[in-house]
Amino acid sequence: MTTLLVRNATLLVTMDDRRREIPNGGLFIRDGFIEQVGSSSDLPIEADEILDLSGQLILPGFINTHHHFYQTLTRAVPAAQNANLFNWLKTLYPIWARLTPEDIYTSTQTALAELALSGCTTASDHLYLFPNGSRLDDEIEAAQSMGLRIHASRGSMSLGESKGGLPPDSVVDSEEKILADSERLILKYHDPKPGAMVQIVLAPCSPFSVTSELMRESAKLARKYGVHLHTHLAETQDEEQFCLETVGYRPVDYMQAVDWIGEDVWFAHSVWVNKDEVQLYARTGCGVAHCPSSNMRLASGIAPVREFLAAGVKVGLGVDGSASNDSSHMLAEARQAMLLARLRAGIEGASLSGAGPEIFTARQALELATRGGAAVLGRKDLGSLEVGKCADFVSFDLNQLDYAGALHDPVAAVVFCAPTRVSYNIVGGRIIIRKGELLTLDVPSHVEKHNKAAKRLMNR
């Protein structure tokens, strides 16, 4: 039995159902779970370890609902800098075909280090190509070395160019191999219990890279074992046109046809959806991973986040791949979500005086990063700081230049001001970052290793 006492935070943001924000707040933690939360004066005075977080803001750990870790190796590739989604993919597929198991391991550590330093405690990754003997195991092992929770998505591509798909045949696999490996991974790694550090997700890549049969069989397999389903959907108008031409449906209607609708499903992007489809998501429990930076980077459009939330759709944040965002900064993504929602509202006739559509707030952005992400991933043990939930939280030092003059409202300040790094990051009661220093990775030597791998990929 180990205990951790956290006390004296300037403000502790619980994100509980009452949205309590507790001055001079703190937590008492036992064996990785929260036993007490409240004012520091109401907490025990002794524990195995005591953290004084005076001058800091505590938030629930951020939850990243969509990423492609391996893409940290192909950031800012010149030929892909100014391309839309389909051309961007065609440029990068041949490079990604050179990935090795070591590259998967290295890039996972890079992405998780970035995520952790920016406030993330749980990350869902979508790995959908497995060249040269690469396996999802490589990613899971790297995540375990970093100390963050991971929802490792066994992605897949089975529809190559020769069969009318977008990816080259060199990066697709047979459906038999995909399904067999998916079942192996579930049996080996998936932990359904509260506090799980690893969960497996089945995630055929996209409508333009997998067959309808693989979609249906993946859904059957996922429901046999009670794991979640994830895919890209309605990201661009090109995708919509592809679906209409090849399967005769709009993307969301296509998901209905292959039994990919329900509380165990979440979609990345969902930019090009109509009002009826928004209502379908709400009615059936489908979730959305909102990826504002990537959607802007690839000129894909603006997802209707306010409409999703108004309808009751579960929405979380995703930084998306580090070749279409070129960063893995969760706090920056929350800020981007707020600003992009405001831009969309402005286009629709809103004004800061209150006329027109409601303006998206800083607290709403933080809710997407915490409660929203937990709901999308189906994690009732995460997303808020409450008794019985996992002790996953981060703190931001308010006594730094970035927040000077902005502490009239420190919660809003962390979103409105320039994104910073955390002071502390704690996952299941274990300190991953202490006073801004990542404890689970030698960052300077790792950056050197990562850059060598990236250079090799580009030069082969």
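The sole residue among Val278, Val265, Val288, Val273 that is in the same structural domain as Leu89 (by TED's automatic domain parsing) and touching a Lys or Arg at 6+ places or on another chain (Cβ under 8 Å) is Val288. With respect to being surrounded by fewer than 19 Cβ atoms within 10 Å (Cβ to Cβ) and under 30 Å from Leu339 (Cα atoms), Lys455 falls outside the description. Of everything listed in (1) out of contact with any Cys (no Cβ under 7 Å at 6 or more places or on another chain); (2) buried (at least 20 other Cβ atoms within 10 Å of the Cβ); (3) of a type outside the set (Ser, Thr, Tyr), the single unmet condition for Glu348 is (2). Kindly indicate whether Asp103 is within 30 Å of Ala418 (Cβ to Cβ) and not polar (S, T, N, Q). It is false that Asp103 is within 30 Å of Ala418 (Cβ to Cβ) and not polar (S, T, N, Q).
Residue by residue, here is whether (1) more than 17 Å from Asn64 (Cβ to Cβ); (2) of a type outside the set (Lys, Arg); (3) within 18 Å of the chain's Cα centre (by Cα) holds:
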| position | (1), (2), (3) |
| --- | --- |
| Lys380 | yes, no, yes |
| Lys389 | yes, no, no |
| Leu398 | yes, yes, no |
| Tyr403 | yes, yes, no |
| Leu407 | yes, yes, no |
| Pro410 | yes, yes, no |
| Ile433 | no, yes, no |
| Leu439 | yes, yes, no |
| Lys452 | yes, no, no |
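Output the residues belonging to region 134-162 that are assigned to a helix (DSSP H, G or I), of a type outside the set (A, V, I, L, M, F, W, C) and in contact (Cβ under 8 Å) with a residue 24 or more places away in the chain. Asp137, Asp138, Glu139, Glu141, Gln144, Ser145, listed by residue number.
Just so you know, in region 107-133 the residues that are in a loop (DSSP other than H, G, I, E, B) and in contact with a strand residue (DSSP E or B) (Cβ under 8 Å, 6 or more places away or on another chain) include one that is surrounded by the most Cβ atoms within 10 Å (Cβ to Cβ), and it is Gly119. Out of curiosity, is Ala365 under 24 Å from Pro304 (Cα atoms) and of a type in the set (Gly, Ala, Ser)? So Ala365 passes the test. Asp191 passes every criterion in (1) surrounded by 23 or more Cβ atoms within 10 Å (Cβ to Cβ); (2) in contact with a strand residue (DSSP E or B) (Cβ under 9 Å, 6 or more places away or on another chain) apart from (1).
The residues on offer are Arg20, Arg30, and the sole one that is surrounded by 16 or more Cβ atoms within 10 Å (Cβ to Cβ) and free of Cβ contacts under 8 Å to residues at least 12 places away in the same chain is Arg20. Considering region 241-278, and only residues there that are in a loop (DSSP other than H, G, I, E, B) and surrounded by 23 or more Cβ atoms within 10 Å (Cβ to Cβ), the residue that is nearest to the chain's Cα centre (by Cα) turns out to be Ser270. Filtering region 64-100 to residues that are in a helix (DSSP H, G or I) and among the basic types (Lys, Arg) leaves only Lys90.
With the condition kept exactly as written, say whether any residue in region 170-184 is modelled with pLDDT under 95, over 30 Å from Ile426 (Cα atoms) and of a type outside the set (A, V, I, L, M, F, W, C). Yes.
Within region 4-16, the set of residues being surrounded by fewer than 20 Cβ atoms within 10 Å (Cβ to Cβ) and over 22 Å from the mean Cα position of the chain (by Cα) comprises Asn8, Leu11.
May I ask you to verify whether Val414 is in contact (Cβ under 8 Å) with a residue 40 or more places away in the chain, part of a loop (DSSP other than H, G, I, E, B) and either aliphatic (A, V, I, L, M) or outside the structural domain of Ala196 (by TED's automatic domain parsing) (or both)? The answer is no for Val414. The combined condition, being modelled with pLDDT of 95 or more, in the same structural domain as Val172 (by TED's automatic domain parsing) and within 25 Å of the chain's Cα centre (by Cα), is fulfilled by Gln81.
So is Gln71 surrounded by 19 or more Cβ atoms within 10 Å (Cβ to Cβ), in the same structural domain as Arg149 (by TED's automatic domain parsing), touching a residue at least 24 places away in the same chain (Cβ under 8 Å) and of a type in the set (S, T, N, Q) or not? Against the criterion (surrounded by 19 or more Cβ atoms within 10 Å (Cβ to Cβ), in the same structural domain as Arg149 (by TED's automatic domain parsing), touching a residue at least 24 places away in the same chain (Cβ under 8 Å) and of a type in the set (S, T, N, Q)), Gln71 qualifies.
For the condition within 17 Å of the chain's Cα centre (by Cα) and surrounded by fewer than 24 Cβ atoms within 10 Å (Cβ to Cβ), Ala97 does not qualify. Meeting the requirement of 3 or more residues that are more than 13 Å from Ala391 (Cβ to Cβ) and not small (Gly, Ala, Ser), the strands (runs of 3 or more DSSP E) wholly within region 10-55 are 21-30. Kindly evaluate Ile347 against the criterion of being of a type outside the set (Gly, Ala, Ser) and in the same structural domain as His126 (by TED's automatic domain parsing). So Ile347 passes the test.
The values are calculated or read from the model by the stated rules, or taken from the named source; none is laboratory data. Bear in mind the structure is a predicted one, so any value in this text is a computation, not a measurement. Here Cβ is always computed from backbone atoms with ideal geometry, including for glycine, and neighbour counts include all displayed protein chains.
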